[in-house]
Amino acid sequence: MDTTQIDRAFSELEAAKGRWADLEFTERIEYIDGIRRNMLAVSKRWVEAATKAKSLSMEEPLAAEEWLGGPFSVLYYLNDVEASLKRMADGGSTVDDFTVRTLPNGQVVVDVFPNSTADRLLFSGHSGEVWMDPSVTTESLPSTLALPYQDEDHTGSVEVVLAAGNVASIAPLDVLFALFNNRNVVMVKMNPVNDYLGEFFEASFAELIRDGFVRFVYGNADVGEYITKHEVPDAVHLTGSIRTYNAIVYGTGSEGEANRTADRPITNKRVTAELGGVSPTIVVPGKWSKRDIRFQAEHIVSQKMHNVGFNCVATQVLVLPDDWDQKDELLDEIRTVLSELSDRDPYYPGADARCARALETAPSSETFGIDFERHLISGLDAADASEWFFEREVFGPVLGVVALPGGGVDTYLTRAVRFANERLSGTLGAGLLIHPRTRRRYRAAYDKAIADLEYGTIAVNTWTAVAYFFPRCVWGAYPGAPRNETESGVGFVHNAMMFGKPQKSVVTGPFAPSERAWMKGEFNVAPKPVFFVSNKSTHRTSEALVEYAADPTMFKLARVASHAVRG
């Protein structure tokens with residue numbers, strides 16, 4: 001570890017923080033234009049490096065994971081944060097031209113997606129909304145937006161970002177959040193798992209590096225410890241494990257645990273974090289067709305096996321009603337989909353050990369595949385207070401199933417929400433699968449379930465990762481957990497509209513693709529979702545999405561559609 005180089009980098013950032021804080025909106029937008037241009041130029045080489053590292057080919061559909069979870073997510077975010085800066089530059093608010101409404105319980109909600117014809121075509125049938133903290137009113141909402149820009153005394157800070165190793169876009173998105181939402185300069189430490197991406201990130205942020213606003217460092221845990229304890233930075237953000245978070249805030253070993261128990265932090269820095277968790281997908285009983293069963297089986301498996309399960313919102317627990325007469329049919333189709341998947345390299349360190357530990361505690365398990373084993377655990381007992389699978393994020397290709405007593409949709413939803421809130425560790429994301437007719441028939445129970453779920457993102461008939469792709473949504477743990485008992489982290493990122501007091505994001509997608517949606521009372525032109533592991537053209541669609549995000553034109557949108565319909 002070259003501490004001299006790190007100290008010099010901190011000195012340069014310290015010297016530059018005031019200049020960054022004082023930049024005009026137009027100057028910030030010029031930097032965004034540069035990032036966009038630079039990132040598009042390296043995007044293909046970026047994805048080639050990532051697919052190679054994960055033993056994939058650019059010519060296979062799974063390469064889509066690297067297009068979507070890489071340059072697309074970042075370029076799409078840049079467009080929305082630029083739009084927010086332009087609104088503020090014109091003297092307006094970041095929510096200008098968006099619908100702001102109040103729920104019957106008084107809670108303020110902003111409908112963030114769709115907000116244009118392009119939105120409606122790009123993600124047809126999808127919607128996104130951000131719920132504010134209950135203390136926010138329609139009158140007070142403007143005063144909670146873009147707080148660092150409203151603070152006339154804001155002089156800038158140096159922020160450390162500890163990057164994630166699983167999804168390529170997490171690091172640049174966290175850097176952009178620190179730069180444009182927090183108005184801070186940034187030192188980012190690359191994760192050793194994917195530090196090969198550093199050259200592409202540095203190329204993308206070239207102008208900001210040149211002008212002293214961003215610095216990259218590399219190394220192992222000792223480098224992370226050094227920079228988070230350094231006297232210069234005022235803030236730290238990490239995407240990673242609760243162990244790392246506690247080490248930064250409270251220290252390690254028995255002394256660290258004593259500090260945590262007493263909530264006695266060893267740092268005075270502001271520490272925010274996204275730490276994952278045990279994510280549930282709740283299936284609501286209804287009358288599903290055979291094609292519904294197949295589609296939702298692919299949907300559930302995709303939520304688990306996308307990126308080999310190395311996603312912080314990979315579904316870990318599938319919640320089913322015990323008395324649903326189609327429960328076994330859905331499980332059988334899930335088994336079929338699991339058996340159809342191609343072998344993959346479980347590239348993330350420790351995957352084998354975590355999967356083995358999960359299987360050791362499993363009451364019943366099935367394994368699919370040979371070189372790439374996928375596991376289905378059934379028979380989990382919701383009443384077992386010591387159930388390991390409910391308390392630990394496996395972070396790998398293991399899907400668990402728990403059956404709860406039914407007793408009707410209303411009663412079941414109440415039980416399922418209570419189970420998710422009280423028994424599963426973490427509050428990052430939760431999903432709900434519900435037939436449109438069932439949702440209409442039991443609207444009050446459905447609305448109550450969405451309101452009662454204590455998760456930072458709730459996804460209805462889509463995956464919570466869609467909120468990750470939607471820049472105007474907020475991404476993070478449900479707020480309110482004590483600092484020393486946080487499971488999924490503290491604070492929100494992404495948040496291109498710069499909400500200062502959000503509570504959660506709610507995203508909704510189509511229960512069925514367009515050719516069957518009308519029969520269920522839904523109307524959309526949605527093809528098979530781009531994140532499905534069974535989508536055969538998703539790599540072409542995703543590459544086209546990158547080109548569209550870098551230069552959103554109707555011609556490029558048409559190119560996206562031409563690939564998407566072949567999925």
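The values are calculated or read from the model by the stated rules, or taken from the named source; none is laboratory data. Predicted model, so just to flag it, every value in this text is computed and none were measured. Note: ideal-geometry Cβ built from the backbone for every residue, glycine included; neighbour counts use all protein chains shown.
Remarks
- Pairs, first in contact (Cβ under 8 Å) with a residue 24 or more places away in the chain and closer than 23 Å to E393 by Cβ in segment 225-244, second β-branched (V, I, T) and assigned to a strand (DSSP E or B), C-beta under 6 Å, six or more apart: T228/V160; T228/V236; V236/V160; V236/V271; H237/V161; H237/T272
- Of the residues contained in segment 554-565, one or more are found to be in a loop (DSSP other than H, G, I, E, B) and without any contact (Cβ under 8 Å) to a residue 40 or more places away in the chain.
- Going through (1) closer than 30 Å to T138 by Cα; (2) buried (at least 21 other Cβ atoms within 10 Å of the Cβ); (3) among the acidic types (D, E) one by one, E65 falls short only on (1).
- T26 being modelled with pLDDT of 95 or more and farther than 28 Å from P142 by Cβ: no
- Residue match in segment 504-516 (condition: more than 20 Å from V460 (Cβ to Cβ), buried (at least 23 other Cβ atoms within 10 Å of the Cβ) and modelled with pLDDT of 95 or more): no
- Filter result for the condition that a residue is buried (at least 17 other Cβ atoms within 10 Å of the Cβ), among the aromatic types (F, W, Y), farther than 25 Å from S135 by Cα and under 24 Å from the mean Cα position of the chain (by Cα), over F113, F72: F72
- Taken over segment 548-559, residues that are surrounded by 19 or more Cβ atoms within 10 Å (Cβ to Cβ) and over 19 Å from R472 (Cβ atoms) amount to 0.
- Any chance A382 is of a type in the set (G, A, S) and either part of a loop (DSSP other than H, G, I, E, B) or at pLDDT 95 or above (or both): yes
- Check on A451, out of contact with any strand residue (DSSP E or B) (no Cβ under 8 Å at 6 or more places or on another chain), touching a residue at least 40 places away in the same chain (Cβ under 8 Å) and within 24 Å of E274 (Cα to Cα): yes
- Qualifying residue in segment 362-379 (condition: without any contact (Cβ under 8 Å) to a residue 24 or more places away in the chain, surrounded by fewer than 17 Cβ atoms within 10 Å (Cβ to Cβ) and closer than 27 Å to Y455 by Cα): yes
- Residue-level check: of (1) under 19 Å from V161 (Cβ atoms); (2) part of a strand (DSSP E or B), I6 misses just (2).
- Exclusive hit being under 18 Å from the mean Cα position of the chain (by Cα), more than 26 Å from F72 (Cα to Cα) and surrounded by fewer than 24 Cβ atoms within 10 Å (Cβ to Cβ), set P479, P436: P479
- Of residues in segment 265-284 being part of a strand (DSSP E or B) and charged (D, E, K, R), the one nearest to D323 (Cα to Cα): E274
- Within segment 343-374, being touching a Phe, Trp or Tyr at 6+ places or on another chain (Cβ under 6 Å) and part of a strand (DSSP E or B) holds for one residue alone: R374.
- Only one of the listed residues (V100, V81, V95) is surrounded by fewer than 21 Cβ atoms within 10 Å (Cβ to Cβ), β-branched (V, I, T) and touching a residue at least 12 places away in the same chain (Cβ under 8 Å). That residue is V100.
- Test: N307 is surrounded by 16 or more Cβ atoms within 10 Å (Cβ to Cβ), within 21 Å of the chain's Cα centre (by Cα), at positive phi and of a type in the set (S, T, N, Q): yes
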